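Working notes, structure below.
The values are calculated or read from the model by the stated rules, or taken from the named source; none is laboratory data. Bear in mind that the values here come from a model prediction, so they are computed numbers and not experimental data. All Cβ positions, glycine included, derive from the backbone under ideal geometry; neighbour counts span all protein chains shown.
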Amino acid sequence: MNPLTLDFVRRWKWLLAVHFAAVSAGWIFHGREPQARLHLEIAVAIAMSWDLMRGYVRGQLGLPQGGAAIAAGLWWSVVGAGAAVQISAMLLGGFVLAPLFGMEADPGALGLHAVLAVLMLGTAQFFLTGLPAAPPRTLSGHLKGGFFGLMWGLSMWGFFALTFIAPAGWRDVTPGQGAVLVLLGSCAVASWFTTRRMMHDRAVPVRGGTPAKVHGLAVNQVPGGTVWRVRLLQEGRWFLPVAAMVMLAAAFMISINWHSIQSGWPWRITTTDYVYRSMGMLCVMTVFPLLAVSAGTLRACRGFPVPLRHWAMLVALRPFAAGVLVFGLFTLMVWAVSRSSVVEGRSLLTFLPLCSALSLIQALMLRHPRLPVVFGLLILISMLGTLFPEMLRHFRPSVPWMLAAALAMLGLSCVLHLRWLGRGSRIYRLNQGILRMAGGAQR
Amino acid sequence: MNTPAIEIRGLRKAFAKFALGPLDLTVPNGTIYGLIGPNGSGKSTTLDLIFGMGGRDAGSIRAAGFDHEVQEREMKLAVTYSSPETSFAAWGRVGLAIPYVRSFYPAWDDALCRRLMELFRLDPDEKIGTLSFGARTKLSLLLAMCPGPQVLVLDEPTTGLDPEARQILFNELLRMVQDENRTVLISSHQLSELERFADHIGILAEGRLVCEGSTVDLIGRHRMVEFSQPSGGALPVMPGFHVRRSQAGRSLAVVDLSMHPPASLEARGLNLHSQTELPLEDIFLAITSQQKEAA
């Protein structure tokens, strides 16, 4: 095995173990329940993206090994190791454990999904290799970076969604689905070649040259204006791209779901359930970039003449405000497409406690900014996003209760942010990596 | 009464594998104070604690006359901080980060900002994420110097800077201290530069301040002493007396003459052959290695 791949497996063994356990448990029931055909390969690609953000490639280039070997190692780490874990877990769950639980194995489904696993991982690697290694400097760079960023973001949801929409076996594959398989196959093949290119991009990240002379643009000529305008513009810089990114993904999801409803596909989800089920993903997509911004800028911000309580409030309220904005827009979009009452008005208030919970979870992440904790909390958020509204719908709490719960959680979150940003020191000394994205970590 | 620029009393902060303090540190007004120490000795932790990046377990910190917690805003208006770990990349371009930081400081010096942008060749249209390490350091220094602070705290300010930029930096710092009576606290490993520019030196080792004084005094009182011990026996082991080398009956030791004047050494039976001046780096090495041995 390529030493890089071996190293990748060794470092991410805990993630691969969770992946293996979850997939094998799900595939026990694959014969009866299509939703049990779990595909979690994207977790392996995400792990590789975190390695790249930590500057893994540059570290490797200093070692006595060729560029081709490094590129091959990176490719096999994602596609090879990911597929090996996914397929072996599917075989264990589907062939070995299923009979023990009185379930039947479906070799057709296993075969198709094994091929899908390889193609999806190759496609994920293709998107990963297209992400910019440094902030783009040209329009084409922005367009390319935007396209691959969007596809990479969507693949996180899209590949998971394949669990629901993939046909049961080869015989059920429609011509349209066949075309999708060919497209995935093309991306997977291309990823082998683009990995080499990516390695060079990341090895020598784009640096702005030092100008021979700076024609002193006076800082008071820099667009800005009043103090609050400058600060609000800055908040918008962080806030709006997050909302836009989530909305783009939401639009994609809604259009697919709407198409499925129109086509009468068996896996379609009713509109109301759809809003609730999407919450988990929207929570993760909303809170994570904002967490990265908060973590990446805290050190600089704590040097400014602003009392700790103000920063703590600002940081605590960001995910809450973003959550309310995103969920509000999402519900509006679903309503606009379906032209029907999406959810009963009272239930919409479940957004508020959920958004408060996002803020609370962010406090925990800032207190323990370590990868396993962040990873675990992201999983918790995604589960919470689905379970929390269901629980509230089941127990039907009163409106005042929900408002009080939201306020109480938000208040607790502010207190925790205040305490932990004041006491903790780890968050101010982040290593290069996942939470330093906004702070300038290398991709 | 002349209030110290920074006054730290009984500061303690414990981590899993390291404990800072108890630390007492006084940075006099209108000086350049060099805080030096081995990696992991607690320099950056001390500076971070001044700015509330982590909570102290005990002790008090006053900077520019303000309590760093109770009067946090007032303190941070008067005291600014530049450190290599601080990143402004999230602000996008140089020309966006500067107005943002400027919006916090009423006394921001636009003329100095323009001058430093030109001297450091920082292009306002440049993306911070694509700046070289040295250029990022320059930006961080500019953002710490232009608010017109009474006290400037710099953690490793010369890391990644070219010689020209280092010269510009120290010229500006000297101007701030001499012309405007401001104070600079620098943590650095560039001891030759500190020896030239710093008025005071504090040496931190294993989380404690083990030596402090004016640079002239610190260098003046330490000597490399060549001696022999006719009576034989073990070489003396005592604070302020660090044997560096021993060969063929002759030994070399870094000696703090304020603790061990030549007469007292001779009274211990040592024959002194020569005394030579030492650069700050050798004094630092002697003091910290003695501290390490003691630990």
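Does segment B:6-32 hold any residues that are within 14 Å of chain A (Cβ to nearest Cβ), crowded, with 17+ Cβ neighbours inside 10 Å and either outside any strand (DSSP E or B) or free of Cβ contacts under 8 Å to residues at least 60 places away in the same chain (or both), and which are they?
Result: B:11, B:13.
Mind counting the residues in segment B:188-211 that are outside any loop (DSSP other than H, G, I, E, B) and either hydrophobic (A, V, I, L, M, F, W, C) or surrounded by 24 or more Cβ atoms within 10 Å (Cβ to Cβ) (or both)?
Going through segment B:188-211 one residue at a time, the tally reaches 11.
Give me the pairs, please: first residue somewhere in segment B:181-195 and within 15 Å of residue B:166 (Cβ to Cβ) and touching a residue at least 60 places away in the same chain (Cβ under 8 Å), second residue anywhere and part of a helix (DSSP H, G or I) and polar (S, T, N, Q), beta-carbon distance under 9 Å, and either six or more positions apart or on two chains.
B:194/B:215; B:195/B:215
Among the residues of segment B:156-170, are any of a type in the set (Phe, Trp, Tyr), at the interface with chain A (Cβ under 7 Å from one of its Cβ atoms), under 24 Å from residue B:51 (Cα atoms) and not in a loop (DSSP other than H, G, I, E, B)?
The answer is no, given that none of the residues of segment B:156-170 is of a type in the set (Phe, Trp, Tyr), at the interface with chain A (Cβ under 7 Å from one of its Cβ atoms), under 24 Å from residue B:51 (Cα atoms) and not in a loop (DSSP other than H, G, I, E, B).
Please find, among A:303, A:296, A:323, the residue that is crowded, with 16+ Cβ neighbours inside 10 Å, modelled with pLDDT of 75 or more and either aromatic (Phe, Trp, Tyr) or not in a helix (DSSP H, G or I) (or both).
A:303
When you look at residue B:227, is it among the aromatic types (Phe, Trp, Tyr) and touching a Lys or Arg at 6+ places or on another chain (Cβ under 9 Å), yes or no?
Considered against the rule, which asks whether it is among the aromatic types (Phe, Trp, Tyr) and touching a Lys or Arg at 6+ places or on another chain (Cβ under 9 Å), residue B:227 comes out as yes.
Return a yes/no flag: does segment B:72-89 have any residue that is of a type outside the set (Asp, Glu), without any contact (Cβ under 8 Å) to a residue 12 or more places away in the chain and within 24 Å of residue A:418 (Cβ to Cβ).
yes
Just give me the residues in segment A:147-201 being hydroxyl-bearing (Ser, Thr, Tyr) and buried (at least 17 other Cβ atoms within 10 Å of the Cβ), in sequence order.
Hits for segment A:147-201 are A:155, A:163, A:191, A:194, A:195.
Looking only at residues that are touching a Lys or Arg at 6+ places or on another chain (Cβ under 8 Å) and not small (Gly, Ala, Ser) in segment B:49-60, which one is nearest to residue B:182 (Cα to Cα)?
So, considering only residues that are touching a Lys or Arg at 6+ places or on another chain (Cβ under 8 Å) and not small (Gly, Ala, Ser), the one nearest to residue B:182 (Cα to Cα) is B:51.
Condition (residue is part of a helix (DSSP H, G or I), of a type in the set (S, T, N, Q) and farther than 20 Å from residue A:158 by Cα) applied to segment A:109-124: is it met by at least one residue?
No: zero hits.
Could you list all residues from segment B:33-42 that are in contact with a strand residue (DSSP E or B) (Cβ under 8 Å, 6 or more places away or on another chain) and either within 13 Å of chain A (Cβ to nearest Cβ) or part of a loop (DSSP other than H, G, I, E, B) (or both)?
B:37, B:38, B:41, B:42
Quick check, is residue B:87 at pLDDT below 90 and small (Gly, Ala, Ser)?
Considered against the rule, which asks whether it is at pLDDT below 90 and small (Gly, Ala, Ser), residue B:87 comes out as yes.
Which ones in segment B:102-123 are more than 7 Å from chain A (Cβ to nearest Cβ) and either within 24 Å of the chain's Cα centre (by Cα) or assigned to a helix (DSSP H, G or I) (or both)?
B:111, B:112, B:115, B:116, B:119, B:120
Do we find that residue A:145 is within 19 Å of residue A:202 (Cβ to Cβ) and part of a helix (DSSP H, G or I) in this structure?
yes
Could you tell me which residue of segment B:210-260 is modelled with the lowest pLDDT, considering only residues that are under 30 Å from residue B:185 (Cβ atoms) and hydroxyl-bearing (Ser, Thr, Tyr)?
B:258
Could you identify the single residue in B:214, B:274 that is surrounded by 14 or more Cβ atoms within 10 Å (Cβ to Cβ) and not basic (Lys, Arg)?
Going through B:214, B:274 in turn, just one is surrounded by 14 or more Cβ atoms within 10 Å (Cβ to Cβ) and not basic (Lys, Arg): B:214.
With (1) more than 23 Å from residue A:111 (Cβ to Cβ); (2) part of a helix (DSSP H, G or I) as the list, and residue A:82 as the residue in question, which single condition is left unmet?
Evaluating residue A:82 over (1) more than 23 Å from residue A:111 (Cβ to Cβ); (2) part of a helix (DSSP H, G or I) leaves (1) as the failure.
Which one of A:8, A:20 is more than 18 Å from residue A:93 (Cα to Cα) and not hydroxyl-bearing (Ser, Thr, Tyr)?
None of the other options fit; the residue is A:8.
For segment B:227-248, name all the residues that are in a loop (DSSP other than H, G, I, E, B) and exposed (fewer than 11 other Cβ atoms within 10 Å of the Cβ).
Correct list: B:230, B:231, B:232, B:233, B:234, B:248.
Kindly provide the set of residues from segment B:124-155 that are small (Gly, Ala, Ser), surrounded by 23 or more Cβ atoms within 10 Å (Cβ to Cβ) and more than 8 Å from chain A (Cβ to nearest Cβ), ordered by number.
Of everything in segment B:124-155, just one residue is small (Gly, Ala, Ser), surrounded by 23 or more Cβ atoms within 10 Å (Cβ to Cβ) and more than 8 Å from chain A (Cβ to nearest Cβ), namely B:140.
Look through segment B:56-68, keep the residues that are within 14 Å of residue B:9 (Cα to Cα) and in contact (Cβ under 8 Å) with a residue 60 or more places away in the chain, and return whichever of them is surrounded by the fewest Cβ atoms within 10 Å (Cβ to Cβ).
B:65
Condition check: in contact with a helix residue (DSSP H, G or I) (Cβ under 9 Å, 6 or more places away or on another chain) and farther than 22 Å from residue A:190 by Cβ. Does residue A:28 satisfy that?
yes
May I ask you to list the residues in segment B:69-96 that are in a loop (DSSP other than H, G, I, E, B), more than 7 Å from chain A (Cβ to nearest Cβ) and crowded, with 22+ Cβ neighbours inside 10 Å?
Correct list: B:83 only.
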